[in-house]
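Input: a single structure, listed below in structure tokens.
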Amino acid sequence: MNSVKIGSVTIRWLGHAGFILEGGGKKIYIDPYDLREEPAFDDKADILLITHEHSDHCSPDDIRKVRRSDSTTLIPESLSLQFKGDARRIAEGDVLADGLEIKGTRIEVVPAYNIDKPYHPRGSGVGYIVELGGIRIYHAGDCDFFPEMKNIRADVALLPIGGTYTMDEEEAARAALAISPKDVIPMHYGKPGITKGEPEKFKALVHGKNPDINVIILDF
């Protein structure tokens, strides 16, 4: 299966770090990349979230496929690509709530960076916490298990496990244990030549320490 329904929200994995969150009549795309086909007009993005500038997260061809003229796109301040239409620059620490919600959706912008790797220095990208249907969904972006992650409050966590550029399975398991969401979905693995990662290994590591965290492995 490539999707799961949690409460009233459907989470669909597009492969790599790409997801669609659907709930409350809204479709929220995060980092669409290498899409197999262009979605129908009604399935395109109400909101599009980009975590950082790397081409496997900010892919102009895939962004064009999922955007409508009325889509709202959130992009980090550091991103050099220019967007037409409703595109808003954001930075870590921004909280879009209390009258600043995007189309009625609360979105928190959180850090995303490497600790001991050069690929994602702090300030180059972000993660997001999206609140839909009363569920807080955390997309970690490309990152290691950085200290601020211990303060993340989320019901669902989407965590990279591929290693090299991000956390590997062991580090992602430690992150999952620190966040302690109800559900965790591994991502950023399985792209030949880009990312490795073994989701079953990640699941075993999480369940070895906390079997109450539900690890959901999606296909695409």
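The values are calculated or read from the model by the stated rules, or taken from the named source; none is laboratory data. The structure displayed is predicted, hence computed values, not measured ones. Here Cβ is always computed from backbone atoms with ideal geometry, including for glycine, and neighbour counts include all displayed protein chains. Note: areas computed on protein heavy atoms with side chains; ligands, DNA, RNA excluded. Shrake-Rupley method; radii C 1.70, N 1.55, O 1.52, S 1.80 Å.
Some notes on this structure:
- Nonpolar atom fraction for the chain, defined as the carbon and sulfur part of the 1.4 Å probe accessible area, stands at 47 percent.
- Beta-bridge orientation, region 13-148: approximately 65 percent antiparallel, per DSSP, counting only bridges with both partners inside.
- Compared with the direct C-alpha span, the chain from Ser78 to Asp98 gains 4.7 nm at full extension, assuming 0.36 nm per residue.
- FRET efficiency, Asp70 to Asn2 (Cβ-Cβ, R0 25 Å, nearest 0.05): 0.40
- Within a Gaussian network of the chain (alpha carbon springs, distance under 10 Å), most fluctuating of Phe83, Phe19, Phe202: Phe83
- Of the trypsin sites (Lys or Arg not before Pro) found in region 41-140, those in coil by DSSP whose Cβ has at most 11 other Cβ atoms within 10 Å are Lys84.
- Antiparallel bridges, percent of DSSP beta bridges restricted to region 129-220 (to nearest 5): 30
- At R0 = 30 Å, FRET efficiency that the Cβ-Cβ distance of Asp219 and Asn151 yields, to 0.05: 0.40
- Sparse-neighbourhood loop sites, GluC sites (Glu not before Pro) in region 9-66 - DSSP loop, at most 14 other Cβ within 10 angstrom: Glu37
- Accessible-area ranking of Leu74, Leu14, largest first, probe 1.4 Å: Leu14, Leu74
- Remark: the Thr10-Ser180 segment gains 59.2 nm on full extension, using 0.36 nm per residue and subtracting the alpha carbon distance.
- Only Cα pairs under 8 Å and 6+ residues apart enter the sum, and on that basis the relative contact order of the chain stands at 15 percent.
- Percentage relative contact order, region 36-97, counting C-alpha pairs under 8 Å, at least six apart: 32
- Calculated [222 nm] ellipticity per residue, helices only, for the chain: -4000 deg cm²/dmol; basis is -39500 (n - 2.57) per DSSP H run with n ≥ 4, divided by all residues, nearest 500.
- Distance from the Cα centroid of region 169-220 to that of region 1-25 is 16 Å (rounded to whole angstrom).
- Rounded D (µm²/s) - region 129-200, Kirkwood Rh over Cα pairs, Stokes-Einstein at 4 °C, 1.567 mPa s: 106
- Region 99-155: relative contact order as a whole-number percent, Cα under 8 Å and 6+ apart: 32
- ³J(HN,Hα), Karplus 6.51/-1.76/1.60, whole Hz, each residue of region 23-31, x for Gly, Pro: x, x, x, 10, 10, 10, 9, 10, 6
- Each of Phe41 and Arg106 was given a label point 7 Å from its Cα along the Cα-to-Cβ line. The distance between the two points is 3.4 nm.
- Solvent-accessible surface ranking, highest first, for Ser69, Ser8 at 1.4 angstrom: Ser69, Ser8
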